[in-house]
Amino acid sequence: MQQTFIQAYAKLSQPKVATAGLWLAQGDEPLLQQWLIDELRSHWQAESRSIKRFDLLSAKSWHEVMSELGTQSLFDDASALIVTGNHKPDKAIISEIERFASAVDDHSPSLLWLISKIDKKSQASKWFAPFSKFGHIIDCNLYDERGRQQILQLKAERFGLRLSTDAWQLLMSHTEHNLLAAYQTLWRLSYLFAPQIAASFNDSSHAPVAIDIEDLQAALVSDAQFSVFDLSDAMLSGDSLQVVKIMQALQDSDEPTTLVLWAISKDMRAIMALMDGKDPQSLGIWRSKQGLYQNAFRRQSREQTELWFDLLYRCDLAVKGVIAQNPWELLLQAALLVSGQRLF
């Protein structure tokens with residue numbers, strides 16, 4: 001049975017899950033494989049299974065694995081084997097795996113094989129057949145940002161956190177393509193705002209703590225004298241001198257350029273939406289800041305804002321290192337445009 005990581009993770013979150021038999025976790029995201037091990041380990045420990053690890057140094061290493069599967073400990077109800085490595089079993093071992101898998105019951109050992117991402121062609125191979133027919137195949141790959149956020153939302157729920165839409169957008173932008181960095185930020189948030197829930201991990205008796213964008217900003221470690229929220233206020237107020245001062249302070253303190261780009265692009269998109277007749281409240285603009293945004297869009301013309309998308313695109317390329325231009329120069333240019341001052 002093939003499952004996505006999210007499907008398997010949700011199933012393993014249940015109090016009782018049958019873990020005996022074959023498990024294969026394929027993918028290039030090691031953190032997902034580790035989380036899968038963590039979930040299975042909690043069930044293995046509840047079932048009094050002894051947990052052992054095996055590294056496949058060659059195809060012959062499978063003989064040691066199969067020998068262990070046939071060994072029953074006097075002190076443990078059953079065993080759980082974690083096998084790592086990409087060496088495939090030979091024909092004889094495949095037959096042994098099939099015999100083992102076809103006779104699995106609740107007291108049988110559990111075998112988890114961690115392997116790198118496999119393609120469609122490999123899934124048609126003979127070694128794959130026993131796992132596909134009798135076991136659980138977990139896809140531990142990330143294909144897009146939407147999938148990354150779905151996985152992080154599961155972790156946020158475990159931490160007892162409920163992030164606002166703006167907070168999620170900031171987190172995903174700030175930790176682009178880095179699952180570990182995003183998870184560490186959620187972990188830090190849990191100890192800042194939900195210490196009781198963090199201490200009693202996975203305790204659903206506590207109500208989730210709402211996390212807004214300011215709360216997330218507090219968890220993003222920064223030594224800057226100013227924050228991106230100060231930059232936003234200066235841009236919307238049309239204070240170009242303050243914009244330059246804040247941008248320099250952010251650069252000097254090594255504020256992540258992804259975070260600065262997120263703040264500028266958020267305000268640019270809000271201003272353009274207001275110019276299209278959208279209601280400030282529908283855009284999630286706080287009542288206390290609606291006047292700032294309305295004054296900002298009155299300073300702009302349609303011709304000016306048409307250039308913003310191209311500039312944001314170049315900022316993004318510079319931040320990612322795709323083009324050689326200094327990203328801080330482009331970010332300053334974009335911030336000054338919002339304030340009503342054209343640099344060039």
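Coordinate-derived values only; no laboratory data. A quick note: this is a predicted structure, and the numbers were derived from the prediction, not measured. Here the Cβ positions follow ideal geometry from the backbone for every residue, glycine too, while neighbour counts run over all protein chains shown.
In whole Å and largest first, what semi-axes does the C-alpha gyration tensor of the stretch 228-339 yield when each eigenvalue is scaled by 5 and square-rooted?
On the way: eigenvalues 105, 49, 29 Å².
The answer is 23, 16, 12 Å, longest axis first.
What full-extension length gain, to one decimal in nm, is calculated for Ser288 and Gln153 as 0.36 nm per residue of separation minus the Cα-Cα distance?
On the way: separation 135, 0.36 × 135 = 48.60 nm, distance 2.93 nm.
Separation in residues times 0.36 nm, less the Cα-Cα distance, equals 45.7 nm.
What size of dipole, in debye to the nearest 20, comes out for the stretch 2-139 about its Cα centre when the only charges are +1 on Lys and Arg C-beta atoms and -1 on Asp and Glu C-beta atoms? Walk me through the numbers before you get to the answer.
Numbers: 15 positive and 17 negative charges, 82 e Å.
Dipole size: approximately 400 debye.
To the nearest 10 degrees, how steep is helix 327-339 against the longest Cα principal axis of the chain, on a 0 to 90 scale?
Around 50 degrees separate the two axes.
On a 0 to 90° scale, report how tilted helix 228-237 is relative to the longest principal axis of the chain, with both axes built from alpha carbons and the result rounded to the nearest 10.
With both axes taken from Cα atoms, the answer is about 30 degrees.
Which entry is the computed mean projected area of the Cα convex hull in nm² for this structure: (i) 23.4; (ii) 17.3; (iii) 21.8?
Identified label for the calculated read-out: (iii).
Could you work out the helix-only [θ] at 222 nm for the chain, with each DSSP H run of four or more residues adding -39,500 (n - 2.57) and the total divided by the number of residues, to the nearest 500 deg cm²/dmol?
Working: 18 runs with 190 residues, N = 344.
About -16500 deg cm²/dmol.
So how much slack lies between Trp187 and Gln3, counting 0.36 nm per residue of separation and subtracting their Cα-Cα distance, in nm?
Here the answer is 63.6 nm.
If you wrap a convex hull around the C-alpha atoms of the stretch 1-91 and split its volume per residue, what is the figure in Å³?
Working: hull volume 9.9 nm³, N = 91.
It is 109 Å³ per residue.
Length gain on complete extension for the stretch Ala249 to Ile323, per 0.36 nm per residue less the alpha carbon to alpha carbon distance?
Working: separation 74, 0.36 × 74 = 26.64 nm, distance 2.38 nm.
The Ala249-Ile323 span can extend by a further 24.3 nm.
So what is the relative contact order for the chain, in percent, with contacts set as C-alpha pairs under 8 Å and at least six apart?
Details: 445 pairs, mean separation 54.3, N = 344.
Once divided by the residue count of the chain, the mean separation gives 16 percent.
Expressed as an acute angle from 0 to 90° and rounded to the nearest 10, what is the orientation of the C-alpha long axis of helix 287-298 relative to the principal long axis of the chain?
So the helix axis and the longest Cα principal axis differ by about 60 degrees.
In nanometres, what is the gap between the two model label sites at Ser125 and Arg53, each 7 Å from Cα along Cα-to-Cβ?
So the label points at Ser125 and Arg53 sit 2.3 nm apart.
Calculate, for Ser116 and Val17, the FRET efficiency according to 1/(1 + (r/R0)^6) with r their C-beta to C-beta distance and R0 30 Å; round to the nearest 0.05.
Values: r = 25 Å, r/R0 = 0.85.
Once rounded, the FRET efficiency stands at 0.75.
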